[in-house]
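Down below is the structure, laid out as structure tokens.
The values are calculated or read from the model by the stated rules, or taken from the named source; none is laboratory data. If you're wondering where the values come from, they're calculated on a predicted model, not measured in any experiment. Note that we place each Cβ from the backbone using ideal geometry, even for glycine, and neighbour counts take in every protein chain shown.
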Amino acid sequence: MTAVLAGFVRVVDAIMRVVRAAIAVLLVVSVLLNFANVIGRKFLSAPIIGAEEVMNFLMVSVVFLGAGVVAYEGTHINMEIVIDRFPPRVRDAFRALAQVAAIGIAVTIVTLGIPIVRHLMQFDERSQAANVPLFIPQAMVPIGLTLLAIGALARLAMMFIPRDESTAVTKP
């Protein structure tokens, strides 16, 4: 059973590495688009139509994709000052409960978000300035929260892997 959990954590680790790389690419694209837009606006009097809108969509993508990485790495804001005062078993129970709550909330929002993405896709709704199909940025919500649920599930799995076996798993 622990081998299955360790394998799951390794797969999630690989997924999160790909997501981190995608986030980096999105950030670079956003910076380059901003730079090109500034050059076009200030020096050529020809701004890129819809650039701000696209940059906003890119930032939304970074935030929601990053939520999965943050959940997996356990680097989100939490109340360690309070939890650290409890005995180890109580502390672990609170941490497990936090992961279960995160999974439950993420699954609920994903379940509610998918029909919205489908609606936007079916009706081909588009952004005003850049004419971007709105299902693309809106899909980042369920995608990001699915990654969050997977990351939280991996953190939960790590709690059940014995310490000597978990050293074989790349722990964030």
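Number of residues in region 101-128 that are surrounded by 13 or more Cβ atoms within 10 Å (Cβ to Cβ) and either hydrophobic (A, V, I, L, M, F, W, C) or within 23 Å of Tyr72 (Cβ to Cβ) (or both) equals 13. With respect to the conditions (1) surrounded by fewer than 17 Cβ atoms within 10 Å (Cβ to Cβ); (2) more than 17 Å from Pro137 (Cα to Cα), Glu52 lacks only one, and its number is (2).
Matching residues to (1) modelled with pLDDT under 90; (2) among the aliphatic types (A, V, I, L, M):
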| position | (1), (2) |
| --- | --- |
| Ala3 | yes, yes |
| Val19 | no, yes |
| Leu26 | no, yes |
| Asn37 | no, no |
| Gly50 | no, no |
| Met59 | no, yes |
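State whether one or more residues within region 95-118 are touching a Lys or Arg at 6+ places or on another chain (Cβ under 8 Å) and under 21 Å from Val54 (Cα atoms). Within region 95-118, not a single residue is touching a Lys or Arg at 6+ places or on another chain (Cβ under 8 Å) and under 21 Å from Val54 (Cα atoms). Exactly one residue out of Ile114, Ile49 is out of contact with any Cys (no Cβ under 8 Å at 6 or more places or on another chain), touching a residue at least 12 places away in the same chain (Cβ under 8 Å) and not in a helix (DSSP H, G or I): that is Ile49.
Number of residues in region 52-78 that are among the aromatic types (Phe, Trp, Tyr) and outside any helix (DSSP H, G or I): the value is 0.
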